[in-house]
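Before any comments, here is the structure.
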Amino acid sequence: MNRINLICLGVRDMKAALDFYKRIGFQTFEKTEQPAIVFFNNQGSKLELFPIEELAKDINEAAPPMIQERGFNGITLACNVKSENEVDDMMARVKKNGGEIVKDPVRTSWGGYSGYFQDIEGYYWEVAYGPSWKFDENEMLIIEETQI
């Protein structure tokens with residue numbers, strides 16, 4: 001079994017996080033403003049928002065892991081797109097809706113175009129375009145052996 005179906009982000013403010021992701025283009029069928037859990041329907045995977053304290057208890061109710069304040073925990077999420085304009089558009093939506101641009105998009109050493117932002121909960125995202133990238137019928141990025 002070699003797949004990731006769901007990525008769960010623990011959030012401190014469900015209403016604000018739900019609103020942020022909806023405003024930058026993520027789609028959900030959730031209608032309430034303060035749900036217990038949210039699933040966004042992405043192409044090829046799902047993004048989940050779940051209260052961070054409840055997530056820590058779900059991992060270990062007797063001794064939940066320590067919740068870090070905003071900081072880098074060694075994980076980034078990525079949104080791979082099909083053009084430089086899509087990178088710029090996404091970064092503009094993020095900035096307009098309360099996210100923080102931590103690295104403006106630039107040409108990369110590998111020939112692409114990429115930048116980073118932090119969402120309102122502190123999670124780091126890369127938005128990137130590669131001129132040789134291909135996507136499958138589900139809009140998932142195809143990584144071929146010759147690209148590595």
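In Å, what is the Rg of the alpha-carbon atoms in the chain, and how long is Dmax?
Just the Cα atoms of the chain yield Rg and Dmax of 16.3, 49 Å.
Using only DSSP helix segments of four residues or longer, with each worth -39500 (n - 2.57), what per-residue ellipticity at 222 nm results for the chain after dividing by its residue count and rounding to 500?
-6000 deg cm²/dmol
Before anything else, pin down the relative contact order of the chain: Cα pairs under 8 Å, at least 6 apart, normalised by residue count, whole percent.
Details: 241 pairs, mean separation 30.8, N = 148.
Dividing the mean separation by the residue count of the chain yields 21 percent.
Using modelled amide H (1.01 Å from N, peptide plane; none on Pro or chain starts), what sits under 5 Å from the amide H of VAL38, excluding residues fewer than 5 places away?
LEU49
Using a Förster distance of 22 angstrom, determine the FRET efficiency expected from the C-beta separation of LYS95 and GLN27, and round it to 0.05.
Result of the calculation: an efficiency of 0.60.
So if R0 is 22 Å, what FRET efficiency would GLU61 and ILE7 give, r being the distance between their Cβ atoms, rounded to the nearest 0.05?
Step by step, r from the Cβ atoms, then E = 0.50.
What lysines sit close enough to LYS15 to cross-link, taking a C-alpha to C-alpha distance under 27 Å and skipping anything fewer than 8 places away on the same chain?
Filter leaves LYS31, LYS46, LYS57, LYS95, LYS96, LYS103.
Going by amide H atoms built from the backbone, whose H comes under 5 Å of the H on LEU77, apart from near neighbours?
TYR124, TRP125, GLU126
Calculate one ³J(HN,Hα) per residue across region 6-22 by plugging θ = phi - 60° into the Karplus curve 6.51 cos²θ - 1.76 cosθ + 1.60, and present them in order as whole Hz with x for glycine and proline.
Rounded to whole hertz, the list is 9, 10, 9, 9, x, 10, 7, 10, 4, 4, 5, 5, 4, 4, 4, 5, 5.
Using θ = phi - 60° and the Karplus relation 6.51 cos²θ - 1.76 cosθ + 1.60, list the HN-Hα couplings for region 83-90 in order, rounded to whole Hz, with x at every Gly or Pro.
These are the phi-based 3J(HN,Hα) values: 7, 5, 4, 5, 4, 4, 5, 5 Hz.
Using mean Cβ contacts within 10 Å as the protection proxy, how do 121-131, 68-78 order, highest first?
121-131, 68-78
Each reported figure results from applying straightforward, stated rules to the coordinates on display, with no laboratory input. Note that the structure is predicted; figures quoted are calculated from it, not measured. Reconstructed Cβ throughout: ideal geometry from the backbone, glycine too, with neighbour counts over all protein chains shown.
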